[in-house]
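Here is the structure we will look at, set down as structure tokens.
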Amino acid sequence: MRIAMFSTKPYDRRSFEAANAAGFELLFLEPRLTAETAVLARGAEAVCPFVNDDLSAPVLGALAAGGTRLVALRCAGFNNVDLKAAARLGIAVARVPAYSPHAVAEFTIGLLLSLVRGIHRAHQRTRDGNFALDGLLGFDLHGRTVGVIGTGKIGALVARSLALGFGCRVLAQDPFPDPALDAAGIAYAELPTIVAQADIITLHCPLTPETRHMVRAGTLALAKPGLVLVNTSRGGLIDAEAAIEALKTGRLGGLAIDVYEQEADLFFEDLSNEILADDVFARLLTFPNVLVTGHQAFFTREALGAIAATTLGNCTRFAAGEPLGASAVTEAAVVAKP
Ligand code: NAI
């Protein structure tokens, strides 16, 4: 079976070639999947896209016309796929439901620590011979109230780590509470209660029409002044313009993001010689209390190996006519917890 892989980088080639014991014909393509590039997949029974590839109805239509019958996402999120259109076109959709939740959870804690203690800024300063501490005053995580929104695989790890490792008071929100978190002293509460009480909020729920801009002007107006917000989930959860306004007034005391709603035009590329056209993103970069990384929370050796193994396992099962099991993505999976 031929698998057309979009948005690939050298590290994708290395991990997928190492995991390709089944001998699939892997076509490593650098461009993102769009209506214009879908033609590159002609003749490939499977397409393997990444987080910022376009899997809207017109693109899926073009893929189906070229003979594609499987979309094997090499990521967990599937907010970029029109599942209705895929079903109508007879295209199966698979993802990697869990590759290393630890990779993302650990990165989240790293971002939070760096932001509240100014570690990234200290690194820049000391390299320039500046050992002054002014402007680097942080606060203890111990004893702080942290809101964890979404306690699935990643959120549960972050919640436990903050509650048990750092001694934070963790309030969680999820339509499907995890009873196992009780033992770690983690309590569930409604979003407005969490927003009103939290010193820190970290987002770990999927992007859906319901969760888009769950952090917006109205939400931030309820927050304690100085709230620190962390997002390693999906950029669309935050209305970035509202976040900028809240940063300007101090309502938001810090923002650490690994994802950004319009990241598809920015992330995973070296744009250091380009003019940044996104004024909202450019404004975010000007704040001393904003820390941005380019969707790298997943990026560990363990995660890349597991992504390649599961993705190619999904292709093997599909080629053999077997069910895709927990990797299958259907509309029902968007509303019901697997
Ligand atoms: P998961 O499916 O295990 O957990 C998501 C949780 O969010 C579930 O428990 C679900 O019930 C809950 N949820 C759904 N709607 C909610 C709402 N309105 N409010 C609160 N909770 C809600 O997913 P997992 O693996 O923990 O991933 C979480 C997110 O992290 C995903 O959306 C994914 O897109 C993102 N992600 C980001 C990565 C990165 O590199 N930055 C890498 C991997 C995942």
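A few points about this structure:
- Exactly one residue among THR68, THR37, THR8 is at pLDDT 95 or above, under 23 Å from the mean Cα position of the chain (by Cα) and assigned by TED's automatic domain parsing to the domain that holds PHE318, and that residue is THR8.
Conditions (1) of a type outside the set (Lys, Arg); (2) open to solvent by less than 40 Å² (accessible area, probe 1.4 Å); (3) not in a loop (DSSP other than H, G, I, E, B), marked per residue:
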residue	(1), (2), (3)
GLU30	yes, no, no
THR34	yes, yes, no
PHE50	yes, yes, no
LEU60	yes, yes, yes
ALA64	yes, yes, yes
GLY67	yes, yes, no
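- Residues of region 160-196 that are of a type in the set (Gly, Ala, Ser) and within 11 Å of the ligand (Cβ to nearest atom): ALA172 alone.
- Region 240-252, residues that are open to solvent by 40 Å² or more (accessible area, probe 1.4 Å) and under 20 Å from the mean Cα position of the chain (by Cα): GLU241
- When residues of region 75-93 are limited to those that are charged (D, E, K, R) and in contact with a helix residue (DSSP H, G or I) (Cβ under 7 Å, 6 or more places away or on another chain), the one farthest from the ligand (Cβ to nearest atom): LYS84
- Selection within region 211-226: residues that are of a type outside the set (Lys, Arg) and in a loop (DSSP other than H, G, I, E, B). The member of this set that is surrounded by the most Cβ atoms within 10 Å (Cβ to Cβ) is ALA223.
- GLY90, sole failed condition from (1) open to solvent by less than 50 Å² (accessible area, probe 1.4 Å); (2) in contact (Cβ under 8 Å) with a residue 12 or more places away in the chain: (1)
- The lone criterion from (1) within 16 Å of the ligand (Cβ to nearest atom); (2) under 30 Å from CYS168 (Cβ atoms); (3) not in a helix (DSSP H, G or I) left unmet by LEU115 is number (3).
- Pairs meeting the criteria (first residue in region 183-210 and open to solvent by 20 Å² or more (accessible area, probe 1.4 Å), second residue near the ligand (Cβ under 8 Å from one of its atoms) and in a helix (DSSP H, G or I), beta carbons under 6 Å, at least 6 apart or on different chains) are HIS204/ILE154; HIS204/GLY155.
The values are calculated or read from the model by the stated rules, or taken from the named source; none is laboratory data. Since this is a predicted model, take the numbers as computed values, not measurements. Using ideal geometry, Cβ is built from the backbone for each residue, glycine included, and neighbour counts are taken over all protein chains shown. These accessible areas exclude ligands, DNA and RNA; they are computed on the full protein's heavy atoms, side chains included. Shrake-Rupley method; radii C 1.70, N 1.55, O 1.52, S 1.80 Å.
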